[in-house]
Each structure stands twice: as C-alpha cells, then as structure tokens.
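Everything on this sheet refers to the single structure shown next.
The values are calculated or read from the model by the stated rules, or taken from the named source; none is laboratory data. What you see is a predicted model, and the numbers here were worked out from it, not measured in a lab. Quick reminder, even Gly has a Cβ in these numbers, built from the backbone with ideal geometry, and neighbours come from all protein chains shown. Heads up: the accessible areas ignore ligands, DNA and RNA and are worked out on the full protein's heavy atoms, side chains in. Shrake-Rupley method; radii C 1.70, N 1.55, O 1.52, S 1.80 Å.
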Amino acid sequence: MIGILPPKSIQFLVKSVRNRQILDHTDMQTNHAYQFPFAAYPALRLMFLMIIGICAGRYLFAENLLYLSISILIIFLFWVTVEFLIRKARPILSSSLSNCSYMLLVILSVAGLYIFSVSKDSPNVKAMETLSLYEWEEINVEGSIRNSGKSASGRNVYELDVSNTTFYDRHNWDRQYRLRIYDDNSYETAITERDDVSFRVRLYAFPERRNPHEFDYGNWLLDRGIVGHGEVQRVLQFKPNKTPGWEPLRVNVRNNVHSLFDEEQAVIARALLLGDKQEITAETRQQFSRAGLSHIMAVSGLHVGFIVAPFWLLIPLLWRSKTGKWTGLLILTVILLTYAGLTGFSPSVSRASLMAWLLTYGKLFHKVRNSINITAVAAVIILLIEPRQLFDVGFQLSFAAVFIILLVMPEVQRLVPGKWQYGFKGGLITIILVSIVVQLGLFPILVHYFGEFAIVGPIANALVVPILSFTVPTGLILVILSPVSPMLFQVGAYPVTLLLQWIEHVAFTLGSLSFSYLAIGTSPATLFLVWLFAVLLIASLRVRAVRWKMVILLLVSLNFLMAELIINKPHQKKMQVTFLDVGQGDAIHIHTPNNKHLLVDAGRWSPMSNSGERVLLPYFNYLGIEHLDVVILSHPHADHIGGMPNLIENLSIGKIYQPDYTYTSDLYNRYMNLARQFQIPVYYAVSGEMIDIDPDLRIFVLGPDDGAPRDRNPNNHSVAFKLVHGKNHFLFTGDAELNQERVLAQRYNDFLKSDLYKAGHHASNTSSNPFFMQYVEPEITVASLAFRNVFGHPGSHAVERIHQFSNRQKYTSLSGGIVFTSNGKSIKKEDWRGNR
C-alpha cells in the first residue's frame, strides 16, 4: 500500500514526475495558455476509457448483451460514414467525430470484454440448484485440485474442479462444477494443486450473509465460480501430479521458515515474506490493522520494491555494456517470476511485479521520464487480462497509492531541505511523508471498504518500514538457501528474528492504544469527488491555470458532499431495531431517535466461540459504535449473556439492567466480576419502573415483580418491558414462559397491545400462549433462533399461535438479521442486504 519501491526509488520517480511538471510549467509560460499534454499520456487515456467501459459492462449492459451489440454496430457504421463521406467536405469536424467514435468503440468493446470475462467464470447455476437438494448429505466427487491452502483456523482448504459426482443413491452425474472443500486430516503426502482426487464429502448449506455487518461469503464463492462447499469425510483416491510446478518449491520454502525461526516468529515470517497469513490469529490481524501495518502482511508492492531495490543499484553498471540492459532485464524477470511463484502468483504480487518490471524497464532504457504513463500501462495490461480486477479492493488500493505518490509527492517532497533529500535523513523523512500521504490519500477507500482508519499508521510505518528493507530480502535469501548449510543460516537468521520481534512489538503496542484507529460508518459517495479534486489540486499547485480550476472543482465537490449529507440526514427522528442473527440466542440492538444505543441480551456462548466476539463486536465496529448507553439482560442463561465478557472488555457501557435472580455459572460469575472491575453499574429491573435512555422513548418494565416468589426456572424471571416510540409499541419478554406470561396477562391486560412482539423463549411451545397473545395481538412477531437446534425450536404449536394472533412473522433462522425502523407513526422493515 505504501508503494512498490523503497525511498531512493520513490525519490527517483518523484524527480521524474517533477521534471515532467517543470516542462509542463515551462510550456505554459511560453504559450501563455496551458493545455494538458494528453499526447504524453496515451496509456492514461486508454486506462480511463477502459474503466468507463468496464463500469458500463457491469452496470448498463450486464443483462443487455443485445443492446451492447447493436450499440457497437451503430457506432461502427457512424465511424464509417464519418471517414468516407464527411472527411473530404468537413475534415476538422470529421476528425473530432472520428475521435469520439474511437473512444466509444473502445468503451463498448471493453464492456463486451468484461461481460465475456464474467460469463466464462460464471457459476454453474443448475449445478448449484441440484447440490442444494443434497445439503448435509454425503456425496462422492472426483476431479482435479484447482487451489489448495489453509483456513484461518488451520484447516486444509481445496478448490476442486469436479468432473464426476456420485450421490448416495448411486446415481452418477457428469456435470462439471467447482467445490470448496475443508479437511481436518493430515497426510504424509500433501494434497496440492493439479492433483487428481476422489473425496467423500458432506455438503454444507450454501452460505448466505446473516447480519448487516458480515462479509458476504456466499457471494465471494460465486465470484470464484464455486457453487457449493463441504467437508471431507474420507479420501477415496489420491493421484499426485508429477509434472513440475511451483507448489513443491513453495512447500519447501515454508518448511525452511519453520526450521529457521521459532514457532511464534515463523508465523510472522511466513506472512511478511510469503504472504501466508493462514496461521495468523485474529488478534494479531486486528492489532496490525489498527496500527496501520496490515499491508506489510499482504505481500504486495512494498515487498516487491524491497526485492527490486538492490537490482536498481546495479543499473548504472548495466548501462556500460551493449548487452547489459537486456541481461539486466532478464535477471529482473527471473527474480520477479520466482517471487511471484513463491507467493502463489497472488493478484497483489502479480500487479506489483508487472509495475516494477515496467518501471525498471523504463529506468534501464531511459524511459522513466513519464512514470505516471508507465503505471497506467500496467493497469491497462491487468484490466485486459482480467477486467473484473477493477472492482478488487487490492487493485484499487495498489494503483490509488502509486498514483497518489506520483501526483502528490513531488510537491510534498519540497518540505524536505535540499541538503537532506538524497541522504539517510532524506530517506527516513521520505518514508514518513509517503506513509502520511498514502494513509490520507487512501482515506475514502479504506473507510468505504473497512470502516476503519489507522490514526497511528504513519508512526508505525516510520518505525517498521525502514527495517523491512533489510528484513524482506535478507529473510528470503535465508529461507531459500538454508538447506545448503542449516546451522550457518540459523545463526544468520538471528538478527532477522530480532527484527520480526520488533515489528510485532510495534504492532501490538500501537494497535492496542485506545486512539490507534478511527471507526467510521458508511461514507458518502461524494467524498470520492472531494478526494479526487484535492489530489489533483496538490498535483497542480505550480500550474496556475489548472490550480484555480481544481480549486473551483474542489469547492463544487465540497458543496455536493454537504448536499448529500443534508439529503441523507433523517428528516424525522427515527428509531432502528436490529434483531441480530446469533444462532440459538437473543441479541437486539436499538438505535434510539437521539443517537443512544440500547442492547437487549448479548447472544450465546459456547466452548468454541461466543456471540460477542463473532457477531456483536464486528457489528458495532462496522457501525462505529464504541459506547452502549444501556444493556438489558433478560435473564442469566448463556444464550442471552454469552457475549457480555467481550463487550465489557472492548466497549464502554453506561448501565446494565437484569433480574434480581440468584444464579451460578462460570460465565455469569465472569461477567459480574468484569462489570465490577470496569465499574459498570448493574441495576435490578422490577415491574413498575421505567428505564430512561432517550426523551423520545418510554420504556416500561413489566416484570419480574419485586420480591416475587422464586421460580426454579430463570426463564420465568425474565426482564419483560414495553418500548413506546410515538404511536408504535414494541414488546420484549425475554424467555418468559407460561407462568410469567400468565402474570403479565392478568396484571396488564390490554396494555400489552403492541405493534411488534419479540416472541418469548425463541418461539418454543412453552411461550406465546393464547391467553397472553390475545392481549398482545401484534402486527409483527419476530423470533430469534437457530435453524438447527437441539431444542426443537420453533415449536409447532407456538408457530400456529403466533400465526393466529399476528399478521407478519419473521424468524432469524430463516431471514438472518432483521432490521426495522420506526418514525413514531409506522414500522418499516428495511432491506439491509442491498447495503455495503
């Protein structure tokens, strides 16, 4: 993300761009009327046309291939008319029209290329429909391994191009499709790419996005042409591929890493050197991300730059001989190809290698005078090979970072005193400046995709990037050559080990600071316009005619930004109620009209995970929420308080309300101890009280009663409350069963009438009884539960009663997370699946 070359190379490229700007500035002074030198940037022009064409293919012609074909034919006929009928009579006009025709033909042709690229890898829909009939069943599949690797939990993961399928009824199916398969077994001979295999697989249900904040794993699979996934039950046949390839070399190098470094540093080394993050823990990923250092574990331009940098030092020597340039280019090609092979030809390394090759070619053959155009050439080549790369966040970050460096750094570099610019101090200052420029320059993209911005990133990069210039090339040499003399190379690896420890220390120290990152919600679309014209303004500071145009455009875009913010600002104070899908448990987030946050229950806990870590914290981080004003825990069962420890440790909480019920469990005791440790007040909610959180809301506590006889079932001591927003009424009863519902019905009668009712006890047969529901009579009933659970929820009798007494029923087991908004007059269900 910081660029594809280290400081001295960046300085060289910045100097070339600055020289270009000086020439442009001189032209302006000579002609007194500045015109942008389009002729000097042919690749840049083509890149912009391709971007427009790809977007047109995706958003305009995706379902209208016939219209695209007709449009191309019309433009072609128009061009023929201009060239052969108009040119002689109106040469100037015909020249302009021809240029427009060329541009439109390029745009439409690229749109067709994008549609073809999508269609050739589109998932086999019919295969997907057939496989859905066999979810959770075992099938036999034969095929060839397309990709192999490991998941974040350490499981083997294979992408299998299936050629034949045998179902449990012994029916053979020869349709070809692609599966993603997980495997917990280990084998003497690893299963790798291009191996022919036969597996017995238990098919999973195809994944769908369950909550607003979650990564759309199912859509990611479809983008890769994968129509199903499952788990290996048994390997039926395994035929290793004997043809030479990169995989054996990658396996050997990974093994060399573990032989050179201890276990903890080996995991970091594999990530830094090879981009292999499979064994990196979620905590480590988070700390590196919040410190602004996640890019160093995603092997890309920075790493390629450090590998190419020593080669650049040899370029003056290569200029001396006739064959030196071509020899150097051949050596460079081998180096880049080898490194790309070691990293699995990942898109990021392939992009960076191509850019590095083109830039070094320009340096060798004295053609780096226009590095912006050379960078555009790399983008054009990549988009011609795979147009869908345009929508890949890695592609956007890589090229945005490089273009920002090339456009902005020539002006920012002027801040460095001339006597330091090409010395050690200048190199260090350049690293800091580049880090700041790139971090700020990529702000809109980072916020749009990740919702976070690392504030400490420039500091962290200044502490880490300089030592990476030694760590990366040295580490690679050690792990590749270590079999030659293992003992000698282990001694040589000691300083690299110390540097790896330093990098990890910086990431954890800065990443754990409370102010290390800024969590931001959805970013306005017009922010990208402001960003674009701000970058162009800085790039054109010394070209007066362009500078003032950019100032005007920046001011106009700022007005558009303000207009968008005003338009999107709610005209009415709305409340949003989100029933999160936490499986067999409850977790409801209420965003009040005056921007307060209420959480009702905290999901489930299990030995393997809990809703706080898996669902709630990612959800609140996605929304940029760091403080919960009130938490209401209906009762102390693990499926309602499961996420509390993680929430207390990671968010600030104003108050907690829960029933006055003596309960003993390790989870409950841990949660209570943490509440005391963090000095969070815990109140016992009793009937007759009101919970104050927002002046536009009224929250009436309906149960349990103060001093009520103890029921051995904690469910019947649930905190039940009614929330009123204007004319809209919401009823929450926790896991209240028959006894508590009888008390509520006898005491409150018609006061229970509500527009939305959260079904008690996950819609079990013990809740939502007729004598209770006749008073509630909700328009909408929502039940929170898992699709597969050992309790048999929802109960068939409860479903019948809910259907009888309410007009609309929603189940998180079927719908995933469910979002409603209330304006005080009506309740509307929101379609969050259309959001980012």
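Could you give me the residue pairs with C-beta distances under 9 Å whose first residue belongs to segment 615-644 and is β-branched (V, I, T), whose second residue is assigned to a helix (DSSP H, G or I) and open to solvent by less than 10 Å² (accessible area, probe 1.4 Å) wherever it lies, and which are 6+ apart or on separate chains?
Going by the 9 Å Cβ cut-off, the qualifying pairs are I625/Y619; V631/M644; V631/L647; I641/Y671.
Which pairs have Cβ atoms under 8 Å, sit 6 or more apart or on different chains, and link a residue in segment 452-477 that is without any contact (Cβ under 8 Å) to a residue 60 or more places away in the chain to one that is of a type in the set (V, I, T)?
From segment 452-477, the pairs are A462/I431; A462/I432; L463/V506; P466/I431; I467/I503; T474/V496.
For segment 517-539, how many residues meet the condition of being buried (at least 16 other Cβ atoms within 10 Å of the Cβ) and over 25 Å from M409 (Cα atoms)?
4
When you scan segment 41-84, how many residues do you find that are open to solvent by less than 50 Å² (accessible area, probe 1.4 Å) and acidic (D, E)?
The qualifying residues number 1.
Listed here are the residues, each with its yes/no results for (1) closer than 28 Å to I51 by Cα; (2) not hydroxyl-bearing (S, T, Y).
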position: G112; (1), (2): yes, yes
position: I115; (1), (2): yes, yes
position: K120; (1), (2): yes, yes
position: N124; (1), (2): yes, yes
position: E129; (1), (2): no, yes
position: E135; (1), (2): no, yes
position: N140; (1), (2): no, yes
position: K150; (1), (2): no, yes
position: Y158; (1), (2): no, no
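Taking segment 657-686 on its own, how many of its residues are out of contact with any helix residue (DSSP H, G or I) (no Cβ under 7 Å at 6 or more places or on another chain) and either on the phi > 0 side of the Ramachandran plot or in contact (Cβ under 8 Å) with a residue 60 or more places away in the chain (or both)?
Going through segment 657-686 one residue at a time, the tally reaches 3.
Any chance segment 345-366 includes a residue that's outside any helix (DSSP H, G or I), surrounded by fewer than 24 Cβ atoms within 10 Å (Cβ to Cβ) and free of Cβ contacts under 8 Å to residues at least 24 places away in the same chain?
yes
Do you know which residues across segment 801-829 are open to solvent by 50 Å² or more (accessible area, probe 1.4 Å) and touching a Lys or Arg at 6+ places or on another chain (Cβ under 6 Å)?
K825
Taking strands (runs of 3 or more DSSP E) that do not extend beyond segment 697-789, which have at least 1 residues that are of a type in the set (D, E, K, R) and within 21 Å of V799 (Cα to Cα)?
Output list reads 756-758.
Could you look through segment 299-336, keep only residues that are outside any helix (DSSP H, G or I) and in contact with a Ser or Thr (Cβ under 6 Å, 6 or more places away or on another chain), and pick out the one that is surrounded by the most Cβ atoms within 10 Å (Cβ to Cβ)?
S300
Residues in segment 92-133 that are touching a strand residue (DSSP E or B) at 6+ places or on another chain (Cβ under 7 Å) and surrounded by fewer than 18 Cβ atoms within 10 Å (Cβ to Cβ): how many? Write out each step before concluding.
The initial filter retains those residues of segment 92-133 that are touching a strand residue (DSSP E or B) at 6+ places or on another chain (Cβ under 7 Å), namely 124, 127-128, 131.
Then drop every residue that is not surrounded by fewer than 18 Cβ atoms within 10 Å (Cβ to Cβ), which leaves 128.
Number of matching residues: 1.
Restricting to segment 583-632, count the residues that are over 18 Å from S815 (Cα atoms) and assigned to a strand (DSSP E or B).
Qualifying residue count, segment 583-632: 14.
What are the residues in segment 475-491 that are touching a helix residue (DSSP H, G or I) at 6+ places or on another chain (Cβ under 8 Å) and either surrounded by fewer than 17 Cβ atoms within 10 Å (Cβ to Cβ) or not in a helix (DSSP H, G or I) (or both), if any?
Start the filter on segment 475-491 by keeping residues that are touching a helix residue (DSSP H, G or I) at 6+ places or on another chain (Cβ under 8 Å), which leaves 475-476, 478-483, 486, 489-490.
Within segment 475-491, L481, P483, P486, Q490 qualify.
Scanning for something within 30 Å of G230 (Cα to Cα), in a helix (DSSP H, G or I), among the hydroxyl-bearing types (S, T, Y) and in contact (Cβ under 8 Å) with a residue 24 or more places away in the chain, does segment 108-124 turn up at least one residue?
yes
Looking only at segment 415-452, filter to residues that are among the aromatic types (F, W, Y) and either at pLDDT 80 or above or in a helix (DSSP H, G or I) (or both); which one of those is farthest from D392 (Cα to Cα)?
W420
On the basis of being under 19 Å from T733 (Cα atoms) and open to solvent by 40 Å² or more (accessible area, probe 1.4 Å), does R604 make the cut? Explain how you work it out, then say what you get.
Working: under 19 Å from T733 (Cα atoms): yes; open to solvent by 40 Å² or more (accessible area, probe 1.4 Å): yes.
Yes; evaluated as a whole, the condition is true for this residue.
Suppose we filter G275, G230 for residues that are crowded, with 17+ Cβ neighbours inside 10 Å, of a type in the set (G, A, S) and touching a strand residue (DSSP E or B) at 6+ places or on another chain (Cβ under 7 Å); which single one remains?
Result of the check over G275, G230: G230.
What single numbered condition from (1) surrounded by fewer than 16 Cβ atoms within 10 Å (Cβ to Cβ); (2) within 37 Å of the chain's Cα centre (by Cα); (3) in contact (Cβ under 8 Å) with a residue 12 or more places away in the chain; (4) closer than 26 Å to H725 by Cα fails to hold for G760?
Of everything listed in (1) surrounded by fewer than 16 Cβ atoms within 10 Å (Cβ to Cβ); (2) within 37 Å of the chain's Cα centre (by Cα); (3) in contact (Cβ under 8 Å) with a residue 12 or more places away in the chain; (4) closer than 26 Å to H725 by Cα, G760 misses just condition (1).
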